[in-house]
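Q: Structure incoming, see below.
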Amino acid sequence: MSQPEYLIAGNWKMNGLGADADALAKGVAAGASSAPAVTELLVCPPYLHIDRVSAALAGSGAQVGGQDCHNEISGAFTGDVSAEMLADMGCSYVIVGHSERRDGHREGDPAIWAKASAALRAGLKPIICVGETEQERLAGKAEETVARQVRACTPDGVDGSKIALAYEPVWAIGSGRTPTRDEIAAVHKAMRDALEDMLGADAGGGIRLLYGGSVKPSNAKEIMTLDNVNGALIGGASLKAEDFLGIAATCA
Ligand code: 13P
């Protein structure tokens, strides 16, 4: 499989007007050629900014992705955007199942499975998000919860190079708190085991597993060097090009 070892993805969430998106994308484009060769850079802006961000990133090697998609190709779905539309706009990836969608938009595992399948249909690579709540972690159920989500949301028979999964503990998002290295390694191992069991050692073993939740340049190296951690999904720190690129630099 010829994909770079690490996928470094910025989830801009609902931040920035057009001029902010232009400036941030230009900052990423300017530094992208100095990012380590083992990294693939991706930014996921709000839908409305995808076109201008794509233009700003052209030729830099950094890619653009969506933050969500509907599972249908088209139809009466007010406010939604299809995977085909994202592909048409130049996206190569789409995030599905982010905890802010699971929680704020009541999306469950079957809906996320359908979105991941829609992304593959459209030729996009889904980044499927999973993660336990604080109560689930305190109850000792982090691995079990995440493995269940992995099995329920991952399309059967998928080629491992066509998807990525992101472990984002709900309580670590935007909180400044991160699990310990051992805790991250244990969950990523549980994800790997579930994927290998589902898809076989080759496909399951080749899927990149990202960690997300309060990743910043100062803690990225200790996380990126863990077994079964193959990238980062970055919220707050991806809104500064310097920090986003600084996280990628730790993968060298
Ligand atoms: P933060 O990096 O701001 O914690 O957000 C993580 C996240 O939700 C990325 O999808």
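The values are calculated or read from the model by the stated rules, or taken from the named source; none is laboratory data. These figures come from a predicted structure and were not determined experimentally. Heads up, the Cβs are rebuilt from the backbone with ideal geometry, glycines too, and the neighbour counts pull from every protein chain shown. Accessible surface is based on the protein model in full, side chains and every heavy atom, while ligands, DNA and RNA are left aside. Shrake-Rupley method; radii C 1.70, N 1.55, O 1.52, S 1.80 Å.
Q: Which count do you get for residues in the stretch 200-216 that are more than 11 Å from the ligand (Cβ to nearest atom) and either surrounded by 18 or more Cβ atoms within 10 Å (Cβ to Cβ) or not in a helix (DSSP H, G or I) (or both)?
A: Within the stretch 200-216, residues that are more than 11 Å from the ligand (Cβ to nearest atom) and either surrounded by 18 or more Cβ atoms within 10 Å (Cβ to Cβ) or not in a helix (DSSP H, G or I) (or both) number 7.
Q: Out of the stretch 12-28, which residues are within 14 Å of the ligand (Cβ to nearest atom) and open to solvent by less than 10 Å² (accessible area, probe 1.4 Å)?
A: Correct list: Trp12 only.
Q: Still on this structure, please answer the following. When Glu40 is evaluated against the numbered criteria (1) more than 16 Å from the ligand (Cβ to nearest atom); (2) not in a strand (DSSP E or B), which criterion, by number, is the only one it fails?
A: Of everything listed in (1) more than 16 Å from the ligand (Cβ to nearest atom); (2) not in a strand (DSSP E or B), Glu40 misses just condition (2).
Q: To continue, here is another question. When residues of the stretch 80-134 are filtered for being among the basic types (Lys, Arg), open to solvent by 40 Å² or more (accessible area, probe 1.4 Å) and either in contact with a Gly (Cβ under 9 Å, 6 or more places away or on another chain) or within 15 Å of Tyr47 (Cβ to Cβ) (or both), how many remain?
A: Qualifying residue count for the region: 3.
Q: I'd like the full set of residues that are surrounded by 19 or more Cβ atoms within 10 Å (Cβ to Cβ), assigned to a helix (DSSP H, G or I) and away from the ligand (no atom under 12 Å from the Cβ), limited to the stretch 161-191.
A: Passing the criteria: Ile184, Val187, His188, Ala190, Met191.
Q: Could we say that Leu195 is within 16 Å of the ligand (Cβ to nearest atom) and within 17 Å of the chain's Cα centre (by Cα) here?
A: no
Q: Might you check whether a residue that is under 21 Å from Met14 (Cβ atoms) and among the aliphatic types (A, V, I, L, M) occurs anywhere in the stretch 126-148?
A: yes
Q: Exactly one condition in (1) open to solvent by 50 Å² or more (accessible area, probe 1.4 Å); (2) more than 16 Å from the ligand (Cβ to nearest atom) is false for Leu226; which is it?
A: Going through the list (1) open to solvent by 50 Å² or more (accessible area, probe 1.4 Å); (2) more than 16 Å from the ligand (Cβ to nearest atom), Leu226 breaks only (1).
Q: Now a separate question. Please state which of the following conditions Ser54 fails to meet, knowing it meets all the rest: (1) open to solvent by less than 10 Å² (accessible area, probe 1.4 Å); (2) part of a helix (DSSP H, G or I); (3) closer than 25 Å to Leu165 by Cβ.
A: (1)
Q: Continuing with the same structure: Quick check, is Ile8 under 21 Å from Ala232 (Cα atoms), touching a strand residue (DSSP E or B) at 6+ places or on another chain (Cβ under 8 Å) and either among the aromatic types (Phe, Trp, Tyr) or assigned to a strand (DSSP E or B) (or both)?
A: yes
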